[in-house]
1. Only bridges whose two residues both fall in the chain count here: according to DSSP, what percent of them are antiparallel, nearest 5?
2. Which part of the stretch 52-87 falls in the paramagnetic zone of ILE223, meaning amide N under 17 Å from the point 7 Å along Cα-to-beta-carbon?
3. If you take the beta carbon distance between SER21 and ARG199 as r and set R0 to 30 Å, what does 1/(1 + (r/R0)^6) give as a FRET efficiency, to the nearest 0.05?
4. Once amide H atoms are placed 1.01 Å from N in the peptide plane, what residues at a sequence separation of 5 or more from GLN142, or on another chain, have their amide H within under 5 Å of its amide H?
5. How large is ³J(HN,Hα) for each residue in the stretch 347-364, as worked out from phi by the Karplus curve 6.51 cos²θ - 1.76 cosθ + 1.60 (θ = phi - 60°), to whole Hz, x for Gly and Pro?
6. Using a basic spin-label model with each label point 7 Å from the Cα along Cα→Cβ, how many nm lie between GLU69 and ALA31?
7. What are the ³J(HN,Hα) couplings of the stretch 152-168, residue after residue, when phi is run through the Karplus curve with 6.51, -1.76, 1.60 and θ = phi - 60°? Round to Hz, x for glycine and proline.
8. Under the rule of -39500 (n - 2.57) per DSSP H run of 4 or more residues, summed and divided by the residues of the chain, what mean residue ellipticity at 222 nm is obtained, to the nearest 500 deg cm²/dmol?
Amino acid sequence: MTAQANIPPIPPRLSATFDQSTLAEIRRAAATGIYDIRGAGAKRKLPHFDDLLFLGASISRYPLEGYREKCGTDVILGGRHARKPIRIKIPITITGMSFGSLSAQAKEALGRGASIVGTSTTTGDGGMTQEERGHSSLLVYQYLPSRYGMNPDDIRKADAIEVVVGQGAKPGGGGMLLGQKISARVAAMRVLPEGIDQRSACRHPDWTGPDDLEIKIHELREITDWEKPIYVKVGASRPYYDVALAVKAGADVVVVDGMQGGTAATQEVFIEHVGIPTLAAIRPAVQALQDLGMHRKVQLIISGGIRNGADVAKALALGADAVSIGTAAIAALGDNDPIYEAEYQALGTFAGAYDDWQDGRDPAGITTQDPALAARLDPVLGGRRLANYLSVLTLEAQTIARACGKSHVHNLEPEDLVALTVEAAAMAQVPLAGTNWIPGKRES
């Protein structure tokens, strides 16, 4: 026997660059010649709110006592120009998700849940449905590049208008709704052929820059007799400049959506490789408002990957006025619920990983236009579940605020935070835990 025979074999090793998912995508692309489409947001590991911690009160700070001392959560949105700003009871709103990408039952449930706790929901591409308006005490009307379903009468029925320049999952890209979800009703609302793939424009057809946007905002104010707040929503990419230009154009509220924000359907390469994390977008957005003397005068709403009350509190501490949720909201309704595990597996996935929302075969009845599947979602029960979830988020944020000695969640501040990683410290501009070092900050 040779000495070489006694050498143990080297076990097989996967490549970190060419892992199993990457190799599977290469094989899929080679077999089909088309790019992959899916819904939801970025799935890669990104710096996020979990990389921040609060500094609770002890001797140097005085905490508030449990639930006996009040901690306010109310927010006024749109007081800069609007004669009728929105007043919400909690600092959490429901983001725009269209009828078309979601079922009518899901849209109704979102409206019901938001109304129970006194906050707003948002239409999304494709216009306003009776179910949504009828069950939403506060409804924001999205004005998108596609203009699908755009109706001046519906704009007047809304409580605010959100001009969508982009969203976090695909800044610079347009929307997508495949033919299997273009039902007769969706087609009629969007003035499209039934069953034909729909792609929305990536930019608005009648303006190309901030000066034109200012004219458009003025037009929308005229349509609504200067009553409604005007939001401008951008996908996080260059938040400092985009927020500054939105303010210059006259926005009452600016929404910044990080790359963890979801989408109904777009290219996988877009979702994972375009835009910046939510955590990285907040401080530049706040800095733009501060430099213009407009912080707290123009409200900032942050969205993209908000999951719990700690995320809410951290976004507020970094300078946001409110947050918005989408993926978490439909999860609260029942999206990706394990009770449908067998059906998810029949679709080639499993509960928690299902993201082929564009196919319209959602077993939970949420991201579908199939009448039989959509009927599985009870809008009343779904609304109650969403309201419960929103209440928990609010209570968690209040608990943290009280522990930091704050009588209102808006009194949270960057000084209440430290970071666990150098990256998070640099993005959030708060010290690395156990030090007074903020990476990139120049000594004054």
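1. 25 percent
2. Within reach of a label on ILE223: 82-83.
3. 0.70
4. The list, which skips near neighbours in sequence, is THR123, GLY124, GLU162.
5. For the stretch 347-364, the Karplus curve yields 8, x, 9, 8, 4, x, 10, 5, 9, 7, 5, 5, 6, x, 10, 4, x, 7 Hz.
6. It is 6.2 nm.
7. x, 5, 5, 4, 5, 6, 6, 9, 7, 10, 10, 7, 8, 8, x, 9, x
8. Helices in the chain give a 222 nm mean residue ellipticity of -9500 deg cm²/dmol.
The values are calculated or read from the model by the stated rules, or taken from the named source; none is laboratory data. This structure is a prediction, so every number in the text was calculated from the model and none was measured. When we count neighbours, we look across all protein chains shown, and the Cβ atoms used for this are built from the backbone with ideal geometry, even at glycine. To get the accessible areas, we keep the full protein, side chains included, count just its heavy atoms, and leave off ligands, DNA and RNA. Shrake-Rupley method; radii C 1.70, N 1.55, O 1.52, S 1.80 Å.
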